[in-house]
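Since the structure comes first, as structure tokens, the remarks are kept for the end.
The values are calculated or read from the model by the stated rules, or taken from the named source; none is laboratory data. Everything numeric in this text was worked out from a predicted model, so none of it was measured. Because the Cβ atoms are built from the backbone with ideal geometry, glycine has one as well, and the counts that use them run over all protein chains shown.
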């Protein structure tokens, strides 16, 4: 099927670059291609692009520009934030870049506590308090303040975590809160991030370029470098920065409010899709959720089979996190929530800013065709 006929419903995996982003990067590729560390005019032009993006991102998330480093991705930002944690509290709901770091810390003998996960997909603040109390009894805090890693919004279910009450428990225990906000940026209210000590973001979920993300922190909580090399990013993240990507990131950030409003308008379409498919699916994840995400287990079908069959019909969805692609195992996130059997049937549908009603109608028709169901004529919002 030609690309022009695709209906792309996998916006949680990545997003198409916005025309304003493409234009900004084309301009920067001409005038800001030099090394930002160079002291000559070409270097200054590149550095201006880089620092302009830094200021816009810091202002948007209420951080100081000096407390921000650019990275290659949200994955790297999470690694940078957590790799030196003296003790860690997290859960199986997190992105693979957080779970993998937690496993590595465990292997090194660092205390790690795994929070219980229920069907709702939301973390219980009381469980955070209990985990931190257990670490305190074991003397884990002697090596430094434990870190609690909880994402803002889940990459597979869209469930929004209760960050404010979680942060209260974190503060009471003298710990620090790291929030992966990759899926929240440009899709939900950002004021919830005010309680975080460190925040990771990425441009490509915001219709910006791939290859650039960032880690931000509150004063007094800079990361320990993960890489060794030059003095770029004040030595906290060595390597020549990509000023062209930074220009694209800035352009994406400058339309963040527009993006958030566009996603909010997709809620009725998302809800109508779920209502129409309700006889054949079980929804994974409770409210509150991001307005554009559905994680549905299709009864009697393997999720990867559904994805492949819909792909042949031009409907592009996924069966889990793109960062876990290439494995035949069910999603660890959905498995932790509802068990392996139902997780094996899971499909993620994530609408985009400009997903149209007609596209959802076509997706529903493809689903009905696949499931052998007759198309019912219902009033559609």
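Computed values, structure above
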quantity: Qualifying residue in the range 28-51 (condition: closer than 20 Å to residue 212 by Cβ, in contact with a strand residue (DSSP E or B) (Cβ under 8 Å, 6 or more places away or on another chain), part of a helix (DSSP H, G or I) and modelled with pLDDT of 95 or more); calculated: yes
quantity: Failed item, numbered, when residue 354 is tested on (1) in contact with a strand residue (DSSP E or B) (Cβ under 9 Å, 6 or more places away or on another chain); (2) farther than 20 Å from residue 154 by Cβ; calculated: (1)
quantity: Residue check for residue 326: part of a loop (DSSP other than H, G, I, E, B), at pLDDT 95 or above and either buried (at least 24 other Cβ atoms within 10 Å of the Cβ) or under 22 Å from the mean Cα position of the chain (by Cα) (or both); calculated: no
quantity: Residue within the range 145-167 that is part of a helix (DSSP H, G or I), assigned by TED's automatic domain parsing to the domain that holds residue 91 and farther than 30 Å from residue 350 by Cβ present; calculated: no
quantity: Filter result for the condition that a residue is in contact with a helix residue (DSSP H, G or I) (Cβ under 6 Å, 6 or more places away or on another chain), closer than 30 Å to residue 118 by Cβ and modelled with pLDDT of 95 or more, over 268, 291; calculated: 291
quantity: Number of the exception - residue 211 against (1) modelled with pLDDT of 95 or more; (2) on the phi < 0 side of the Ramachandran plot; (3) in a loop (DSSP other than H, G, I, E, B); calculated: (2)
quantity: Among (1) surrounded by 16 or more Cβ atoms within 10 Å (Cβ to Cβ); (2) free of Cβ contacts under 8 Å to residues at least 40 places away in the same chain; (3) over 20 Å from residue 161 (Cβ atoms); (4) touching a strand residue (DSSP E or B) at 6+ places or on another chain (Cβ under 7 Å), the one test that residue 113 misses; calculated: (3)
quantity: Breaking point among (1) crowded, with 23+ Cβ neighbours inside 10 Å; (2) touching a strand residue (DSSP E or B) at 6+ places or on another chain (Cβ under 9 Å); (3) outside any helix (DSSP H, G or I), for residue 128; calculated: (3)
quantity: Members of the range 74-93 that are touching a helix residue (DSSP H, G or I) at 6+ places or on another chain (Cβ under 8 Å) and either within 26 Å of residue 139 (Cβ to Cβ) or in a loop (DSSP other than H, G, I, E, B) (or both); calculated: 82, 83, 85, 86, 87, 88, 89, 90, 91, 92, 93
